[in-house]
Amino acid sequence: MSRIRLRANAKLNLTLDVVGRREDGYHCLRSVMQSVSLADQVTLTKQVSGIALQVDSSQVPTNEDNLAWKAAAIFRERTGIKGGVLIEIEKRIPVSAGLAGGTTDAAAVLIGLNILYGKNLPLSKLQKIGLKIGADLPFCLQGGTVLVEGIGERLTALPPFPDVTLVVAGLKEKVSTTWVYRGLTSDAYGTAFSSNFIRAFKAGKSAEEISGVLGNTLESVTAAFVPGIELWKRRLLDGGAHGALMSGSGPAVFGLFTEEERAREFRKRWELEEKIFLVKPVKAGILEMNGGA
Ligand code: ATP
């Protein structure tokens, strides 16, 4: 095989608690993450040597700063392969939005190169390599509904999320994750959104009830300088969402709908103002598409 195409799914944080800060500055989290059907398409083609990258978006770097490039470089270094790769990314996930767009592209590169070069590294090994690129990467490789802890390295799979419709509003503002973490005050530590969510989820509560236990500690930090977050949450709730929340460090906001028709109406009403995506929870982070050659 010389070519492989992959769907790299975005993630939403259904909950996010910051539980502490390590001496090296990393924040320790507890977060229930969910893969969703909003995806970039990543195509990898074997080359004789080196790494080349093409992206159909001017918002992301096409050099070694791109997380997909970094993933290819680390994979080559760790496995010692001599061959190279051309990475082509069709960007659909909004950039710097809290949806792990760059990280999921990197995860697709690790999975794709592992297949293209027949290395057969187990998922756990790829996750270890990937953690160097970003805290969300081990999750992006695994996908589904997962409790993620520590600095992103401890994953506990949860039962699949109900088949609801999630409406994602990809607000235009760009948010720096580092900046948001700097804005955290000590009283933000130690919330229990994830524990409450898991209790409700494992007790088999309905999607409506689960909507009531979504929560993200970072939301108030980002909302202090992005007024659109409260605005779009209100619009989602008024439009029929049972719950609404910012994802990650933002500013993307999502709402949980049980009636797809209402989700469609919402998109029709607001799609001229912001990018609105109707997505479904999915069980995988990275999916191989047909057409590998
Ligand atoms: P997270 O939720 O993991 O914090 P995010 O969704 O907020 O991430 P990204 O879209 O991954 O943010 O982009 C964050 C930064 O990474 C941006 O400055 C962007 O230019 C850079 N970047 C590097 N590679 C990529 C990529 N393949 N796709 C998108 N952004 C990338």
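The values are calculated or read from the model by the stated rules, or taken from the named source; none is laboratory data. Note that the structure is predicted; figures quoted are calculated from it, not measured. Don't worry about glycine lacking a Cβ; one is built from the backbone with ideal geometry, like all the others, and counts go over all protein chains shown. Calculation scope for accessible area: heavy atoms of the full protein, side chains included, ligands and nucleic acids excluded. Shrake-Rupley method; radii C 1.70, N 1.55, O 1.52, S 1.80 Å.
Worth pointing out:
- Scan of region 26-48 for residues that are modelled with pLDDT under 95 and among the small types (Gly, Ala, Ser), ordered by number: none
- Filtered residues of region 64-96 (kept if at positive phi and in contact (Cβ under 8 Å) with a residue 12 or more places away in the chain): Ser96
- Qualifying residue in region 18-30 (condition: open to solvent by less than 10 Å² (accessible area, probe 1.4 Å), touching a residue at least 24 places away in the same chain (Cβ under 8 Å) and part of a strand (DSSP E or B)): yes
- Region 97-114 residues that are under 18 Å from Val253 (Cα atoms) and among the hydrophobic types (A, V, I, L, M, F, W, C), paired with ones that are within 9 Å of the ligand (Cβ to nearest atom) and in a helix (DSSP H, G or I) (beta carbon under 9 Å, 6 or more apart): Ala100/Leu137; Ala100/Cys140
A quick yes/no check of all residues on (1) over 30 Å from Ser186 (Cβ atoms); (2) in contact (Cβ under 8 Å) with a residue 12 or more places away in the chain:
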residue: Lys205; (1), (2): yes, no
residue: Ser211; (1), (2): no, yes
residue: Asn216; (1), (2): no, yes
residue: Val221; (1), (2): no, yes
residue: Lys233; (1), (2): no, yes
residue: Met246; (1), (2): no, yes
residue: Thr258; (1), (2): yes, yes
residue: Lys268; (1), (2): yes, no
residue: Val282; (1), (2): yes, yes
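- Any hit, region 251-260, residues being surrounded by fewer than 17 Cβ atoms within 10 Å (Cβ to Cβ) and either over 22 Å from the mean Cα position of the chain (by Cα) or under 26 Å from Asp136 (Cβ atoms) (or both): yes
- Complete set of residues in region 35-48 that are open to solvent by less than 20 Å² (accessible area, probe 1.4 Å) and either among the charged types (D, E, K, R) or in a loop (DSSP other than H, G, I, E, B) (or both): Asp40
- Number of positions in region 132-150 that are at pLDDT below 95 and over 14 Å from the mean Cα position of the chain (by Cα): 1
- Strands (runs of 3 or more DSSP E) contained entirely in region 72-177, each with at least 1 residues that are of a type outside the set (Gly, Ala, Ser), closer than 22 Å to Val221 by Cβ and open to solvent by less than 20 Å² (accessible area, probe 1.4 Å): 145-150, 165-169
- Of the residues in region 49-63, none is without any contact (Cβ under 8 Å) to a residue 60 or more places away in the chain, open to solvent by less than 20 Å² (accessible area, probe 1.4 Å), within 12 Å of the ligand (Cβ to nearest atom) and not hydrophobic (A, V, I, L, M, F, W, C).
- Of all residues in region 51-71, those satisfying the criterion of being in contact with a helix residue (DSSP H, G or I) (Cβ under 7 Å, 6 or more places away or on another chain) and assigned to a helix (DSSP H, G or I) are Leu67, Ala68, Lys70, Ala71.
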